[in-house]
Amino acid sequence: MSDAGDILTVSGLSVAYGASRALFDIDMRVRRGEVVGCVGRNGAGKTTLLKSIAGFLKPSSGSIECDGKSLLGLPAYAIAGMGLKYVPQDKRVFSDLTVRENLELGSYASRDYDWTPVISYFPKLKSLMDRKAGYLSGGERQMLMIGRAILGRPSLMLVDEPTEGLAPSIVLQLKEVFRELSKTTTLVIVEQNLPLVCAIADRVYALNEGRIMAELRERADVTPESCERYL
Ligand code: ATP
């Protein structure tokens, strides 16, 4: 059951790839305005959790509600259309299209043609508009992915390992972007970079082998050392 402050409620969620179970009975709540971190080692089930919420995987049991509405059975595009955006880990952009064209596709999909917020979060994209996305660095691609996702002003963003493989200077920049974004958008961020996630999250779920091992909710507990204990 969700309560009035919840934007996302996941209850008893189990997900399998064929006969291999990846998530076991996951309960997770996200309140409107929160930044929620989700940490775990490789293979813990973090991506499976985000993909299930975003409609890319069909759970074997459990419920997922956004603003009290069930997301089960809805296609991913319909979930995105409800204002719930997923930024995948693979930083996949349309490589043969320019940055401008990639953003235009985001605009068509979300019917939001105002790129002011995108440019204000990522001024660098302005100078890259005519560059084919296939030639962008990893950091620039991530900017494009997040920039495209914020079109349509989503109410909830699920961001999968945004800083993986990026240079420290870009990681710092993204940290500030998430701080700023969190003023208008609820965020769920999957990360293996524990100092980063602990610097921006209000609460953290620790996953291990498809199960939630702990929910760290007191500010003093949201530390890399506390997270490590459960991984
Ligand atoms: P990482 O940090 O490496 O991305 P993760 O915590 O996101 O890890 P998942 O990718 O969700 O973990 O994987 C959870 C489990 O499901 C792992 O055991 C993984 O091998 C398995 N798995 C993931 N994708 C598939 C798939 N397409 N087919 C079969 N098994 C899969």
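Data overview
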{"read-out": "Among the residues listed as Glu34, Glu65, the single one being farther than 20 Å from Leu181 by Cβ and either surrounded by fewer than 20 Cβ atoms within 10 Å (Cβ to Cβ) or of a type outside the set (Val, Ile, Thr) (or both)", "value": "Glu65"}
{"read-out": "Residue list for the stretch 182-231, restricted to those being within 16 Å of the ligand (Cβ to nearest atom), surrounded by fewer than 20 Cβ atoms within 10 Å (Cβ to Cβ) and part of a strand (DSSP E or B)", "value": "Asn208, Arg211, Met213, Ala214"}
{"read-out": "Residue that is surrounded by the most Cβ atoms within 10 Å (Cβ to Cβ) [pool: residues in the stretch 73-118 that are β-branched (Val, Ile, Thr) and in contact (Cβ under 8 Å) with a residue 12 or more places away in the chain]", "value": "Val99"}
{"read-out": "Number of the exception - Ile79 against (1) in a strand (DSSP E or B); (2) under 16 Å from the mean Cα position of the chain (by Cα)", "value": "(1)"}
{"read-out": "Near pairs, Cβ below 9 angstrom, 6+ apart or cross-chain, from the stretch 17-29 (touching a residue at least 40 places away in the same chain (Cβ under 8 Å)) to any residue that is of a type in the set (D, E, K, R) and outside any strand (DSSP E or B)", "value": "Phe24/Glu209"}
{"read-out": "Residue satisfying all of: in the stretch 47-69; farther than 18 Å from Ile212 by Cα and part of a loop (DSSP other than H, G, I, E, B); nearest to the ligand (Cβ to nearest atom) among these", "value": "Leu57"}
{"read-out": "Candidates Ala44, Ala22 - the one that is within 16 Å of the ligand (Cβ to nearest atom), in a loop (DSSP other than H, G, I, E, B) and over 25 Å from Arg111 (Cα atoms)", "value": "Ala44"}
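Results for (1) modelled with pLDDT of 95 or more; (2) farther than 19 Å from Ala214 by Cβ; (3) near the ligand (Cβ under 9 Å from one of its atoms); (4) in contact with a strand residue (DSSP E or B) (Cβ under 9 Å, 6 or more places away or on another chain), shown as yes or no for each residue.
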| position | (1), (2), (3), (4) |
| --- | --- |
| Met1 | no, yes, no, yes |
| Ile7 | yes, yes, no, yes |
| Gly12 | yes, no, no, yes |
| Ala16 | yes, yes, yes, yes |
| Val30 | yes, no, no, yes |
| Gly40 | yes, no, yes, yes |
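The values are calculated or read from the model by the stated rules, or taken from the named source; none is laboratory data. A quick note: this is a predicted structure, and the numbers were derived from the prediction, not measured. Positions of Cβ are backbone-derived with ideal geometry, glycine not excepted, and every protein chain shown enters the neighbour counts.
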